[in-house]
Structures are given as structure tokens and as C-alpha cells.
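Single-structure report; data block below.
The values are calculated or read from the model by the stated rules, or taken from the named source; none is laboratory data. Fair warning: this is a prediction, and the values are worked out from it, not measured in the lab. Reconstructed Cβ throughout: ideal geometry from the backbone, glycine too, with neighbour counts over all protein chains shown. Calculation scope for accessible area: heavy atoms of the full protein, side chains included, ligands and nucleic acids excluded. Shrake-Rupley method; radii C 1.70, N 1.55, O 1.52, S 1.80 Å.
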Amino acid sequence: MKTVYIELEKLKEAPWNPNRMDEKGIERLKNSLERYGLVGPLVVRSTVESFYEVLSGNQRLKVLKETGWRSAPCIVLNLNDTEAMLLAQALNDLKGEDDQALKGALLKKVLSEVSENEVLSILPETTSSLNSLSQIDEGDLAGHLKAWEEVQSAKLNHMQLQFTRPQLDLVREALSSIMPVAKGSKQDNPNTRSTAIFLLCKFYLDRREEE
């Protein structure tokens with residue numbers, strides 16, 4: 001497939017693309033582009049309005065526009081709506097799983113030459129997950145499990161909520177009431193406050209099903 005450079009003003013995001021990235025992810029993407037440049041082309045399709053709709057690279061497009069890029073390398077495809085949606089979702093979802101031992105060895109090598117802060121500015125990890133991953137041996141099952149748990153906590157999804165003052169006071173009162181229960185519950189989320197919100201929602205849904 002041929003790669004061509006297209007002016008950013010002719011590229012538009014696909015409004016139906018469900019892929020989203022939080023503020024921390026956007027910041028890491030900016031750091032990566034600043035450090036390495038754009039190492040892979042966007043995947044786009046032509047439209048009847050003389051624009052190109054981005055199928056893969058919507059988040060990169062946002063960052064490129066914000067940081068002053070004028071054009072980007074693109075692979076142009078001729079697809080109808082259904083095929084475009086199917087390909088976009090495949091490009092979003094199709095990816096392998098890391099071998100924790102190999103990932104640990106890789107990170108140990110990287111951390112020997114690059115500071116932890118620099119690594120965290122680019123990779124979606126935490127200090128705890130980096131430490132756990134970089135310390136495991138290939139045959140260390142316990143190390144694998146600990147590293148896996150740390151990686152999962154590093155991949156927690158974020159939600160931003162906005163409340164009026166009375167709403168916020170009520171939410172805080174409810175959370176403070178259920179926090180002791182959240183601390184003792186066996187959930188996969190290490191964030192106690194998030195677990196408390198989850199339990200409140202679960203309680204509401206369970207009660208609604210009983211009615």
C-alpha cells in the first residue's frame with residue numbers, strides 16, 4: 001500500500017469511532033511524538049466532501065493538530081461505511097498480550113539507560129508496575145502474578161464527573177458510609193473510593209432487579 005502525505009486540514013476524525021483516550025494518555029502520546037516523531041501512518045478513507053476520514057489515528061490526529069503539524073503520512077483506502085467501521089474496530093482491538101518475563105527483561109534494560117520519569121511519561125505504567133515487572137525472572141511464577149496484578153492496576157480506566165456543591169456533599173457522605181465495606185471487599189480495583197462507587201451502583205441495580 002502506498003503512503004501519501006495529506007494536509008491535516010483535510011483530515012477529519014471519524015465521529016463514530018469509539019476509541020477514546022484520557023488526558024494522561026494524550027500527554028503520553030504527545031511525549032512519544034515529541035521524542036520519536038510519527039513512526040506509523042494514519043489509515044484514512046476518502047469522502048465525497050473532498051476530505052479524508054481517519055479510521056486509525058484519531059488520537060494522533062488531535063495531538064498533531066495541537067502541536068502544529070501541517071501534514072501527516074497516510075494510507076488511503078476506498079471503503080464503504082460498514083467496512084470502514086469494521087476495519088477501525090479491528091485496528092483498535094487486534095493486539096497481542098505481553099509475555100511478562102520478556103516485558104520485564106525489556107523494561108530492566110530500558111530503565112538501566114532511561115530514567116523512570118521518562119519511561120512513565122511515555123508508557124501507561126505506574127512506579128509499582130515498573131518495579132514489579134523489572135524484577136521478575138522467567139521462571140518466577142510469584143513474580144509473574146505480582147507483575148500482572150500491578151499492570152492491571154496501571155490500566156484502570158478513568159472517569160471525570162462534575163457535581164454541584166449539594167450533589168458533591170451528598171456523594172461524599174454516601175462514600176464515607178460505604179468506605180469501610182469497600183476496604184474489606186475483594187475487588188480487582190486497588191482504589192478504595194472507586195470501589196465504593198462501584199458498590200453503590202451495584203447495590204442500586206440489585207435493588208432495582210428485586211422490585
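For the reader, a short list of remarks on this structure follows.
- Kirkwood estimate for region 1-45, i.e. one over the average of 1/r between Cα atoms, Å: 12.8 Å
- With only Cα atoms counted, region 1-145 has Rg and Dmax values of 18.3, 57 Å.
- Of the residues Ser50, Ser115, the one with the largest accessible area comes first in the ranking Ser50, Ser115, computed with a 1.4 Å probe on protein heavy atoms.
- Counting Lys and Arg as +1 and Asp and Glu as -1 over every other residue whose Cβ lies under 11 Å from the Cβ of Ala14, the net charge comes to -1.
- Each Lys or Arg adds one and each Asp or Glu subtracts one; over the other residues with Cβ under 14 Å from the Cβ of Thr67, this totals +4.
- A cut-off under 13 angstrom between Cβ atoms defines the neighbours of Pro41, and their net charge, with Lys, Arg +1 and Asp, Glu -1, is +2.
- Measuring with a 1.4 angstrom probe and ignoring ligands and nucleic acids, Met179 comes out at about 40 Å² accessible.
- Accessible surface of Tyr36 - all protein chains present, 1.4 Å probe, nearest 10 Å²: 140 Å²
- Distance between modelled label sites at Arg208 and Ser128, nm, 7 Å Cα→Cβ extension: 3.1 nm
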